[in-house]
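Accompanying notes for the structure given below.
Values quoted throughout were computed directly from the atomic coordinates according to the rules given, and no laboratory measurement underlies them. Owing to the predicted nature of the structure, the values given are computational and were not obtained by experimental measurement. In this analysis, Cβ positions are derived from the backbone assuming ideal geometry, glycine residues included, and neighbour counts consider all displayed protein chains.
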Amino acid sequence: MQRFVPVLRDDNVDLELISLLNTLMAACKEISFRLHQGELAGILGSTLDENIQGETQKKLDVISNQLIKDILLESGLVRAIASEEEDTIVAGSPSGRYLVCFDPLDGSSNIDINSLVGTIFSIMEVPEGMEGATEEMFLQPGTAQVSAGYVLYGPSTQLALTTGDGVKLFTLDNTIGEFLLTNEKMTISEDTQEFAINMSNQRFWEPAMQQYIADLLAGTTGKRDKNFNMRWIAAMVGDVHRVLSRGGIFTYPTDNKNPAKPHKLRLMYEANPMGFLVEQAGGIASTGYERIMEIEPSEIHQRVAVVLGSKNEVNTCLEYHK
């Protein structure tokens, strides 16, 4: 096993990007420590506030956002940040090269039941010729990402990371406080018999997704002629980690439960970084109709439908949407 920084240097990654990733990981280590303290740290439960998404904030949502926000802005490497918990972008250093989008604590509803949560991040460079810090500079397609990843806070704390040359998995060694490389190349199997979806929304889905899931549930008695298992963690970071680890398909499709909000997941700090990871591991990431990473964002809190995972199974799902 190797330490976090030497692994990146072996990949000829830009030294400023290495520094930025290590800065971000310093905040994630602190979040991991507080999470594993649980009630002892007084971080469980909700606040009385809502974020820009209209979601009630957990105490650790606020703490995690502030930790990441402060350490990134103080680094001097970041021109601006965009967070799920912030109404607008937050300016950093005028000379910073990078833009960071992040979900500080994905799946925070799982905190109080001691289940999986994680931090998701996406890093882009400031477009050439753009001065200051504006929302406009964030509105780049996912193909512009120079790095993306997530930190999963589970029985062990793990980092899945891409800089555009495959996906590496690191595990936090608490005895030395460092992320150590534990999987040099994560690869998603092309076929699967496992799917993840919020079945409580079934009656609100589009007909294509209704039929696709119905055929999965029919198992060997249906047209797919094989049995599928359903898994659902209620935290995108956990469900995508399972897909990266052993294959599968994860989807949060379009629905009409609330016509004003047909999509659940945020493009900039959930769908794009996860799409980057999945594609780098040999999978596919789509909305059901187009490649997620090619979407031209219209605003930082834009939401999209997500269908991602094992190549052959995602392609099968997309056939239903044609």
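In terms of distances greater than 25 angstrom between alpha carbons, the cross-link table entries 69/185; 264/322; 168/322; 59/168; 257/322; 29/168 yield 69/185; 168/322; 59/168. For the pair residue 109 and residue 302 in one chain, pulling the backbone fully straight at 0.36 nm per residue adds 67.4 nm over the alpha carbon distance.
Remark: the Cα gyration tensor places region 194-320 in the oblate category, a/c being 1.5 or greater and a/b not exceeding b/c.
Listing 36, 301 from fewest to most neighbouring C-beta atoms within 10 Å gives 36, 301. Neighbour counts of C-beta atoms inside 10 Å place 124, 268 in the sequence 124, 268, starting with the fewest. Projecting the Cα atoms of 198, 252, 143 onto the dipole axis of region 119-254, where Lys and Arg carry +1 and Asp and Glu carry -1 at the beta carbon, places 198 farthest toward the positive end. The shape of the chain comes out rounded: with a ≥ b ≥ c from the C-alpha gyration tensor, a/c is under 1.5.
Once the chain from residue 95 to residue 258 is taken as fully extended at 0.36 nm per residue, the excess over their C-alpha distance is 54.5 nm.
Distance between the 7 Å Cα→Cβ label points at residue 185 and residue 36: 3.1 nm. Angle of helix 236-246 to the longest C-alpha principal axis of the chain, folded into 0 to 90 degrees and rounded to 10: 70°. For the pair residue 136 and residue 225, a Förster radius of 51 Å applied to the C-beta separation gives a FRET efficiency near 0.55, rounded to the nearest 0.05. Here the chain carries DSSP beta bridges of which approximately 85% are antiparallel, counting only pairs with both residues inside. In a simple Cβ point-charge model (Lys, Arg +1; Asp, Glu -1; nothing else charged), the chain has a dipole of about 960 debye relative to its Cα centre.
Viscosity 0.890 mPa s, temperature 25 °C: Stokes-Einstein D of region 253-306 from its Kirkwood Cα radius, in µm² per second? Using the Kirkwood radius from Cα pairs, D works out to 216 µm²/s.
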